[in-house]
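Just so it is clear, none of the values below were taken in a lab; they were calculated from the coordinates. Bear in mind the structure is a predicted one, so any value in this text is a computation, not a measurement. Every residue, glycine as well, gets a Cβ built from its backbone with ideal geometry; the counts of neighbours run over all protein chains shown.
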Amino acid sequence: MLLVISYFLVPARCKSTLNLPHYLSLSPLYLWLFVFTIQPHKEERFLYPIYFLITLTGAISVDIIQKLIFRLISWIKKLPKGKHYLDYTMFIAGFAMIIVTLLGKFIFIYIYLINKMIFFVFFLLQTRIITYICIIS
């Protein structure tokens, strides 16, 4: 969806043949996800080849958001010609990195606490079973 919005709202187009358009850069991810959703048997090991494409999608999304916000700023304030969008929107990349880092930490802590709780419940069940065996014998 961001690709369509940026296509119509961001007027700058790269004239270099070294840079691929965003939709061509992300097409392997879309193809892989299409094939992966059709398969009846899904395993995480089949996701390993597209992990870098998922991070590329995140980076392209942040870049598009930066360009759209720069476009909005340039509509509100008349900016001088020749200003680069990163001069005004670099805080968005920093904010995105902080959010992703905090989410990763919270998910790690959550998984750790869930596994610790499961181990504790298993330990309690195991000690009760041993207690019941001792009482019965």
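Modelled spin-label separation between I118 and S25, with each label point placed 7 Å from Cα along the Cα-to-Cβ direction: 3.7 nm.
About its Cα centre, how strong a charge dipole does the range 33-117 have in debye, to the nearest 20, once Lys and Arg get +1 and Asp and Glu get -1 at the Cβ?
Charge dipole, the range 33-117, about its Cα centre: 420 debye, nearest 20.
Ignoring aspartates and glutamates fewer than eight residues from K67 along the same chain, the ones with Cα atoms less than 14 angstrom from its Cα are D87.
Only counting other Cβ atoms within 10 Å, I'd like L68, L79 sorted with the fewest neighbours first.
Listed from fewest to most nearby Cβ atoms, that is L79, L68.
Around the Cα centre of the range 38-81, unit charges on the Cβ atoms of Lys, Arg, Asp and Glu (plus for the first two, minus for the last two) sum to a dipole of about 480 debye.
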